[in-house]
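**Q** Pasting a structure here, questions to come.
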Protein chains: 2
Amino acid sequence: MEGITVQELGLAARNHAMPLETLREPITPVGLHYLLIHFDIPHVDASRWELAVGGLVERPLQLGLDDLLSRPARTLAVTLECAGNGRALLSPRSPSQPWLTEAVGTAKWTGTPLGPLLREAGLAPGTAEVVFTGLDRGVQGGVEHLYERSLAVDDALRDEVLLAYAVNGEPLPPQHGYPLRLIVPGWYGMTHVKWLSAITVVGEEFRGWQQEEAYRLRQSDDEVGTPVTRMLPRSLVVPPGIPEFLSRTRFVDAGPCVLEGRAWSGWAPIERVEVNVDGGDTWADAELSDAVSTYAWTGWRFAWDAGPGDHELCCRASDAAGNTQPNDPKWNIGGYCNNAVQRVSVTVS
Amino acid sequence: MEGITVQELGLAARNHAMPLETLREPITPVGLHYLLIHFDIPHVDASRWELAVGGLVERPLQLGLDDLLSRPARTLAVTLECAGNGRALLSPRSPSQPWLTEAVGTAKWTGTPLGPLLREAGLAPGTAEVVFTGLDRGVQGGVEHLYERSLAVDDALRDEVLLAYAVNGEPLPPQHGYPLRLIVPGWYGMTHVKWLSAITVVGEEFRGWQQEEAYRLRQSDDEVGTPVTRMLPRSLVVPPGIPEFLSRTRFVDAGPCVLEGRAWSGWAPIERVEVNVDGGDTWADAELSDAVSTYAWTGWRFAWDAGPGDHELCCRASDAAGNTQPNDPKWNIGGYCNNAVQRVSVTVS
């Protein structure tokens, strides 16, 4: 891998992935969940904060946090992954947050479903998309903007889409979007707009920078590209044994060793996880447990008889929609959706 | 700066600094406080966990979490900083966690004072140091070990040293040492041993790897070096305006702009913070507010009349013990204690 630049390091110092040993937990503790913040964390006074629901609606709404808390609540365990997870393993790579493989987390998000709120506001004729506006402002790609993303109306109306004000039973912490964020189960993290301040129904395709320029799969700059949407399948293993501080190489005692990990896909349930312990073409099926929820990862286990020597442990997931992790990365300019299999170096003695 | 290696990136992806805008908060929310974990976060079952107090004591103790919770409790706001903060700005630099300037945080730690516990155990004659052993095991410098650090008996007996089981009013999260960690106000982070399992009084200097090899100031490998202990003064500014995503350069509107930040020292109270906005030799005094606690940072403010153009904002702190931040880093092999002034690039228009 080429050296990471000081600018990439500046992002890596602010944001963080989930330490892989945390995969043991079905629900990721706050503070260990991955975090990607484009600009600054806004300082929000919730007593003065309001959510504006407007645009092509019959009855525009202004809602305070208490209004949202008094609406029907739903709690969902949801696996979130950054669309740029795996970017640092691409070559050449886009200068952005240099993720390795672990920009993921699963939390219990509590909020009120978005669909009923939109129906109360009343969708006017000719609606196409719903735009979600955060309070985080900055410059990216030379354009000053608030962080904004859109969803097609049908996607926004899905039952599982939440306006979340709590995580793991506590009010959102500042870094996860206090006081309100969008949760769109199954989609990569860029969709789950934090510090939400406005929901605007529009009659045409939204063309904000984070929608039209960022988060698109392109092979060259002059392509329009295809938008990044749902999470491709990925599987990760809890690195066994103990680590070397710097290299994170693992040291494992010879003998029986149960490998465990988790796998997820935003397209369909996980149907299969395979493990490769010899660096060759031999893949063996892991045993799956029930998913933590319809929208969260699935646990897996594999009984490995660890023989002395150096090994590279790999795992790959397949979902019921027919998607399987590739052995090698699929390159694109933005460094998105690199779900190539994880490789963990282990020395057994 | 030279490029960051993939190994350094692996550490930067796990650990994280405090996003600088969080300096606005006197108490850092959990999840935004800096974090440095040498090995893996241990998985601890608190119902089976015990703290052993032994070695050169008259009455060895075995204490469960309930035993500790039933002892006298004290809550202290404490600023913690990693000894390696600033390492990535040194050249050449030691391959380790590549911190820029913001590996810091202030939290309210609740626990029971260590001194009375040691006195109950009864220090035997001939004691020299107290060794603190964590449950985190790994390999560093080619040596397999549990993370262990020692304090001289007099330092361990200081009133403000705590065995902490809560942070910001909640049980410790896994990444901060659940169920128990040491808090030694004023000292760099390596001292505050997490996942504490044993406290052992010894009659000679402790020679564990993290004490004798790591955390020493050396100019060459064959020096014994001097141990890293208390935090040198440092001041940080909340970056004003809005950021550019990748470079973190700031854009600020011309006109009056209040700069604010925080400063701390483990040696003595902060006595002065100076600000430099023109890149030259002109330093002006900032206005100080009261420290958050005897052991935590001090706020500061500076009214800046931001004129159009590019600026480099710098701040430097001095403490009552006569320590002042240097303008340029002081190099050492391990990359410790680099408290050179922070530099923030700002474009005003």
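**Q** Might you let me know whether region B:251-264 holds any residue that is within 14 Å of another protein chain (Cβ to nearest Cβ) and outside any strand (DSSP E or B)?
**A** Within region B:251-264 (the criterion being within 14 Å of another protein chain (Cβ to nearest Cβ) and outside any strand (DSSP E or B)), the answer is yes, since at least one residue qualifies.
**Q** Give the residue that is surrounded by the fewest Cβ atoms within 10 Å (Cβ to Cβ), with candidates limited to residues of region B:83-100 that are assigned to a loop (DSSP other than H, G, I, E, B) and touching a Ser or Thr at 6+ places or on another chain (Cβ under 7 Å). Even if it seems obvious, please write down each step before you answer.
**A** Here is the first cut: in region B:83-100, the ones assigned to a loop (DSSP other than H, G, I, E, B) are B:83-86, B:90-100.
Those left that are additionally touching a Ser or Thr at 6+ places or on another chain (Cβ under 7 Å): B:84-86, B:95.
On the way: B:84: 28, B:85: 28, B:86: 26, B:95: 16.
Per the criteria, the residue is B:95.
**Q** Checking the condition among the basic types (Lys, Arg) and touching a Phe, Trp or Tyr at 6+ places or on another chain (Cβ under 9 Å), which residue from B:272, B:262 passes? Even if it seems obvious, please write down each step before you answer.
**A** Numbers: B:272 fails: touching a Phe, Trp or Tyr at 6+ places or on another chain (Cβ under 9 Å).
B:262 is the lone residue from the list that is among the basic types (Lys, Arg) and touching a Phe, Trp or Tyr at 6+ places or on another chain (Cβ under 9 Å).
**Q** Mind checking which residues of region B:1-46 are at pLDDT 95 or above and of a type in the set (Val, Ile, Thr)?
**A** Listed by number, the residues that qualify are B:22, B:27, B:28, B:37, B:41, B:44.
**Q** Every residue in region B:92-146 that is polar (S, T, N, Q), within 14 Å of chain A (Cβ to nearest Cβ) and under 17 Å from the mean Cα position of the chain (by Cα), please. Walk me through it before giving the result.
**A** Taking region B:92-146 first, the residues polar (S, T, N, Q) are B:94, B:96-97, B:101, B:106, B:110, B:112, B:127, B:133, B:140.
Adding the requirement that they be within 14 Å of chain A (Cβ to nearest Cβ) leaves B:94, B:96-97, B:101, B:140.
Of everything in region B:92-146, those that are polar (S, T, N, Q), within 14 Å of chain A (Cβ to nearest Cβ) and under 17 Å from the mean Cα position of the chain (by Cα) turn out to be B:96, B:97, B:101.
**Q** Quick test for you: out of B:122, B:142, B:126, B:105, pick the one residue that is touching a Ser or Thr at 6+ places or on another chain (Cβ under 8 Å) and small (Gly, Ala, Ser).
**A** Details: B:122 fails: touching a Ser or Thr at 6+ places or on another chain (Cβ under 8 Å); B:142 fails: touching a Ser or Thr at 6+ places or on another chain (Cβ under 8 Å); B:126 fails: touching a Ser or Thr at 6+ places or on another chain (Cβ under 8 Å).
Only one candidate qualifies: B:105.
**Q** Quick one: how many residues across region A:16-36 are in a loop (DSSP other than H, G, I, E, B) and more than 7 Å from every other protein chain (Cβ to nearest Cβ)?
**A** From region A:16-36, those in a loop (DSSP other than H, G, I, E, B) are A:17-19, A:25-34, A:36; that's our starting set.
Adding the requirement that they be more than 7 Å from every other protein chain (Cβ to nearest Cβ) leaves A:18, A:25-28, A:33-34, A:36.
Residues flagged as in a loop (DSSP other than H, G, I, E, B) and more than 7 Å from every other protein chain (Cβ to nearest Cβ) within region A:16-36 amount to 8.
**Q** Can you name every residue in region A:226-236 that is in a loop (DSSP other than H, G, I, E, B) and either among the basic types (Lys, Arg) or free of Cβ contacts under 8 Å to residues at least 60 places away in the same chain (or both)?
**A** Keep residues of region A:226-236 that are in a loop (DSSP other than H, G, I, E, B), which gives A:228-229, A:231-233.
Matches in region A:226-236: A:229 only.
**Q** Here is a further query. Given the conditions (1) over 29 Å from residue A:11 (Cα atoms); (2) among the hydroxyl-bearing types (Ser, Thr, Tyr); (3) out of contact with any Gly (no Cβ under 9 Å at 6 or more places or on another chain); (4) without any contact (Cβ under 8 Å) to a residue 60 or more places away in the chain, and given that residue B:289 satisfies all but one, which numbered condition is not satisfied?
**A** The number of the failed condition is (3).
**Q** Which condition breaks for residue A:243 when tested against (1) surrounded by 20 or more Cβ atoms within 10 Å (Cβ to Cβ); (2) in contact (Cβ under 8 Å) with a residue 12 or more places away in the chain?
**A** Answer for residue A:243: the failing condition is (2).
**Q** Still on this structure: Run residue A:214 past the list (1) closer than 20 Å to residue A:87 by Cβ; (2) surrounded by fewer than 17 Cβ atoms within 10 Å (Cβ to Cβ) and report the number of the one that doesn't hold.
**A** Tallying (1) closer than 20 Å to residue A:87 by Cβ; (2) surrounded by fewer than 17 Cβ atoms within 10 Å (Cβ to Cβ), residue A:214 fails exactly one: (2).
**Q** Ok, one more. Of the residues that sit in region A:249-290 and are touching a Leu at 6+ places or on another chain (Cβ under 8 Å) and of a type in the set (Lys, Arg), which one is surrounded by the fewest Cβ atoms within 10 Å (Cβ to Cβ)?
**A** Looking at the filtered set, the residue picked out is A:272.
**Q** Among the residues of region B:339-349, how many are closer than 22 Å to residue B:98 by Cβ and either over 18 Å from the mean Cα position of the chain (by Cα) or not in a loop (DSSP other than H, G, I, E, B) (or both)?
**A** We begin by selecting, within region B:339-349, every residue closer than 22 Å to residue B:98 by Cβ; these are B:339-345.
Retained after the next criterion (residues that are either over 18 Å from the mean Cα position of the chain (by Cα) or not in a loop (DSSP other than H, G, I, E, B) (or both)): B:342-345.
So the answer is 4.
**Q** A follow-up question, please. Out of region A:51-77, which residues are in a loop (DSSP other than H, G, I, E, B), surrounded by 14 or more Cβ atoms within 10 Å (Cβ to Cβ) and within 28 Å of the chain's Cα centre (by Cα)?
**A** Passing the criteria: A:64, A:71, A:73.
**Q** Across region A:291-314, which residue is surrounded by the fewest Cβ atoms within 10 Å (Cβ to Cβ) among those that are under 24 Å from the mean Cα position of the chain (by Cα) and farther than 16 Å from residue A:260 by Cα? Spell out how you get there, then give the answer.
**A** In the first step, residues of region A:291-314 are kept if they are under 24 Å from the mean Cα position of the chain (by Cα); the result is A:291-301, A:313-314.
Checking which are farther than 16 Å from residue A:260 by Cα leaves us with A:293-296.
Values: A:293: 18, A:294: 12, A:295: 20, A:296: 20.
For region A:291-314, the residue satisfying everything is A:294.
**Q** Follow-up question, since we're still on this one. Quick test for you: out of A:243, A:239, pick the one residue that is closer than 27 Å to residue A:313 by Cβ, assigned to a strand (DSSP E or B) and assigned by TED's automatic domain parsing to the domain that holds residue A:318. Give the derivation first.
**A** Details: A:239 fails: assigned to a strand (DSSP E or B).
Testing whether each residue is closer than 27 Å to residue A:313 by Cβ, assigned to a strand (DSSP E or B) and assigned by TED's automatic domain parsing to the domain that holds residue A:318 leaves just A:243.
**Q** Further, regarding this structure: Would you confirm, using the coordinates I've provided, whether residue A:272 is over 30 Å from residue B:98 (Cα atoms) and free of Cβ contacts under 8 Å to residues at least 12 places away in the same chain?
**A** On the way: over 30 Å from residue B:98 (Cα atoms): yes; free of Cβ contacts under 8 Å to residues at least 12 places away in the same chain: no.
Spelling it out, it is not the case that residue A:272 is over 30 Å from residue B:98 (Cα atoms) and free of Cβ contacts under 8 Å to residues at least 12 places away in the same chain.
**Q** Separate question: Scan (1) surrounded by 13 or more Cβ atoms within 10 Å (Cβ to Cβ); (2) within 30 Å of residue B:75 (Cβ to Cβ) for the single condition residue B:348 breaks and write down its number.
**A** Of the numbered conditions (1) surrounded by 13 or more Cβ atoms within 10 Å (Cβ to Cβ); (2) within 30 Å of residue B:75 (Cβ to Cβ), the odd one out for residue B:348 is (2).
**Q** Further, regarding this structure: From the list A:283, A:297, which residue is in contact with a Phe, Trp or Tyr (Cβ under 8 Å, 6 or more places away or on another chain) and aromatic (Phe, Trp, Tyr)? I'd like the intermediate steps shown before the answer.
**A** On the way: A:283 fails: in contact with a Phe, Trp or Tyr (Cβ under 8 Å, 6 or more places away or on another chain).
Answer to the selection: A:297.
**Q** Just name the residue that is nearest to residue A:50 (Cα to Cα) out of those in region A:182-213 that are within 14 Å of the chain's Cα centre (by Cα) and not aliphatic (A, V, I, L, M). Reasoning before the result, please.
**A** Taking region A:182-213 as the starting set, the residues that turn out to be within 14 Å of the chain's Cα centre (by Cα) are A:182-194.
Still in the list and also not aliphatic (A, V, I, L, M): A:185-189, A:191-192, A:194.
Numbers: A:185: 24, A:186: 27, A:187: 26, A:188: 26, A:189: 23, A:191: 20, A:192: 18, A:194: 14 Å.
In this case the residue turns out to be A:194.
**Q** Evaluate the following for residue A:165: is it aromatic (Phe, Trp, Tyr), within 14 Å of another protein chain (Cβ to nearest Cβ) and either touching a residue at least 60 places away in the same chain (Cβ under 8 Å) or surrounded by 18 or more Cβ atoms within 10 Å (Cβ to Cβ) (or both)? Walk me through how you get there before you give the answer.
**A** On the way: aromatic (Phe, Trp, Tyr): yes; within 14 Å of another protein chain (Cβ to nearest Cβ): no; either touching a residue at least 60 places away in the same chain (Cβ under 8 Å) or surrounded by 18 or more Cβ atoms within 10 Å (Cβ to Cβ) (or both): yes.
Judged against the criteria, residue A:165 is not a match.
**Q** Return a yes/no flag: does region B:67-77 have any residue that is touching an Asp or Glu at 6+ places or on another chain (Cβ under 7 Å), in contact (Cβ under 8 Å) with a residue 12 or more places away in the chain and at the interface with another protein chain (Cβ under 7 Å from one of its Cβ atoms). Explain how you work it out, then say what you get.
**A** Applying the first criterion (touching an Asp or Glu at 6+ places or on another chain (Cβ under 7 Å)) to region B:67-77 yields B:76.
Next, from what is left, pick out any that are in contact (Cβ under 8 Å) with a residue 12 or more places away in the chain: B:76.
Narrowing the set further to residues that are at the interface with another protein chain (Cβ under 7 Å from one of its Cβ atoms) leaves none.
Looking for residues that are touching an Asp or Glu at 6+ places or on another chain (Cβ under 7 Å), in contact (Cβ under 8 Å) with a residue 12 or more places away in the chain and at the interface with another protein chain (Cβ under 7 Å from one of its Cβ atoms), one finds none in region B:67-77, hence no.
**Q** Quick one: would you say residue A:223 is more than 14 Å from every other protein chain (Cβ to nearest Cβ) and without any contact (Cβ under 8 Å) to a residue 40 or more places away in the chain?
**A** Values: more than 14 Å from every other protein chain (Cβ to nearest Cβ): yes; without any contact (Cβ under 8 Å) to a residue 40 or more places away in the chain: yes.
Answer is yes for this residue.
The values are calculated or read from the model by the stated rules, or taken from the named source; none is laboratory data. Remember, it's a predicted structure, so these values are computed and weren't measured experimentally. All Cβ positions, glycine included, derive from the backbone under ideal geometry; neighbour counts span all protein chains shown.
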